[in-house]
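The values are calculated or read from the model by the stated rules, or taken from the named source; none is laboratory data. Since we're looking at a predicted model, the values are computed, not measured. Glycine also receives a Cβ, built like all others from the backbone with ideal geometry; neighbour counts cover every protein chain displayed.
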Amino acid sequence: MRTNCPVCDSQNRIDKWDMDFFVPDGWEMPAKNKVCLCTDCGMIWYDNDRTQDDYNKFYQTRYGNSQVLSNAENLARQDELIELTEEYIPSKHSMIVDFGGGEGYITKRMIEHGYQNIMTVNIGDELPKRIDILIASQVMEHIYDVREVMERIVLPVSASNGKFIIEIPDTMAMPGTDLPLLDYHQPHVNHYLPSVLDLLFQQYDYWPIYTRRKIEMYHFGFVYRVIYAKDIPQRVYFASRQHIENSIKAMAARLETIRGPVIVWGCGDLCLHLLTQVKLNILQFVDLDPAFRGQTIGGIQVLDHVESDAPILVMVQNQSASIQQSIKDAGLLNEVIVL
């Protein structure tokens with residue numbers, strides 16, 4: 001039974017919908033599935049009387065022989081995943097795992113491309129201790145014990161500071177198709193909105209660095225394709241800090257060379273931040289935004305016109321061209337200094 005949400009472990013759910021199937025005699029699949037919606041995170045899943053072992057036996061003995069899996073459209077989709085892997089992991093020596101890859105089409109093709117350390121590892125198989133990239137294409141929707149499997153796959157990928165390439169049916173987009181069952185097949189025990197899959201990986205400190213949503217009508221409709229990498233918020237924080245501090249330092253150095261009074265045109269955030277770094281002799285501010293009408297900055301008036309022949313200093317992030325055009329349209333002859 002999966003009483004709690006497999007993503008956030010919440011017990012708060014809506015479960016007013018059943019998906020029942022006739023099951024061939026002796027098969028491991030459940031005849032009854034309660035379709036549950038987590039009202040906390042938005043996960044949709046099947047709750048039934050099976051276990052991960054039951055599903056593993058099913059996949060090992062009865063799944064993977066469908067012609068759908070080997071048709072041209074499905075192989076083309078996997079070729080796209082290979083191209084994406086090569087783009088993000090160019091080294092031919094990288095350890096790559098096609099997790100739940102069945103007969104190993106991706107592995108065979110990447111070996112042909114010169115990759116030396118790639119293998120297909122199915123759900124119950126042992127994983128390498130270090131993985132540079134793990135591909136799970138149309139796998140996450142099949143995993144019954146989500147937490148247990150996540151713990152298994154995250155550990156070796158984290159050991160290499162590696163990445164995940166994940167592709168799932170896009171549950172959010174799918175109701176727009178005319179498929180009678182959408183992706184609510186017997187083996188699809190999880191139905192992820194893209195944001196919910198992201199939430200699952202974020203719990204392990206993995207964040208999306210690439211996403212794509214596209215239609216794949218040959219099988220079940222729309223797919224969500226995503227690459228997850230570790231520590232992205234920290235990387236963004238420190239990279240943003242370094243970029244801003246270096247940029248502001250260089251711009252402040254240029255401001256230090258300005259002598260004499262100036263008119264500052266444009267009171268955006270870049271201007272207001274730079275003025276905390278450098279002291280200038282400012283006669284007036286000019287800004288055409290009505291929010292600044294009648295305001296003062298540091299006791300200096302903000303006007304919508306120029307009242308001096310002093311140089312006009314423009315230090316804005318995006319509106320430099322439009323401000324210069326406004327100066328030209330006003331027929332002003334002031335020297336213009338663009339930072």
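Among the residues making up region 307-321, none is over 24 Å from GLU256 (Cβ atoms) and surrounded by 12 or more Cβ atoms within 10 Å (Cβ to Cβ).
Being surrounded by 11 or more Cβ atoms within 10 Å (Cβ to Cβ), at pLDDT 95 or above and not in a helix (DSSP H, G or I) is true for just one of VAL223, VAL264. Which residue is that? Can you show your working first?
Details: VAL223 fails: at pLDDT 95 or above.
Step by step, each of VAL223, VAL264 is checked, and only VAL264 is surrounded by 11 or more Cβ atoms within 10 Å (Cβ to Cβ), at pLDDT 95 or above and not in a helix (DSSP H, G or I).
For region 1-32, filtered to residues that are free of Cβ contacts under 8 Å to residues at least 24 places away in the same chain and among the polar types (S, T, N, Q), the residue that is nearest to PHE201 (Cα to Cα) is ASN4. Scanning region 227-248 for residues that are within 23 Å of ASP269 (Cβ to Cβ) and either in contact with an Asp or Glu (Cβ under 7 Å, 6 or more places away or on another chain) or among the acidic types (Asp, Glu) (or both) yields one hit, GLU245. For region 255-302, a residue qualifies if it is among the aliphatic types (A, V, I, L, M) and over 43 Å from the mean Cα position of the chain (by Cα), and the qualifying residues are ILE258, VAL262, ILE263, ILE282, LEU283, ILE300. Residues in region 1-34 that are closer than 27 Å to ARG62 by Cα and within 27 Å of the chain's Cα centre (by Cα): PRO6 only. Checking region 153-175 against the condition returns a match, with at least one residue being polar (S, T, N, Q) and within 24 Å of THR39 (Cα to Cα). Restricting GLU141, GLU80, GLU151 to those that are modelled with pLDDT under 95 and either in the same structural domain as THR211 (by TED's automatic domain parsing) or over 22 Å from GLN203 (Cα atoms) (or both) reduces the list to GLU80. Filtering ILE166, ILE135, ILE153 for residues that are closer than 22 Å to LYS92 by Cα, outside any strand (DSSP E or B) and either in contact (Cβ under 8 Å) with a residue 40 or more places away in the chain or touching a Pro at 6+ places or on another chain (Cβ under 8 Å) (or both) leaves a single hit, ILE153. Determine if region 233-245 includes at least one residue that is touching a residue at least 24 places away in the same chain (Cβ under 8 Å) and either part of a strand (DSSP E or B) or surrounded by fewer than 19 Cβ atoms within 10 Å (Cβ to Cβ) (or both). Yes.
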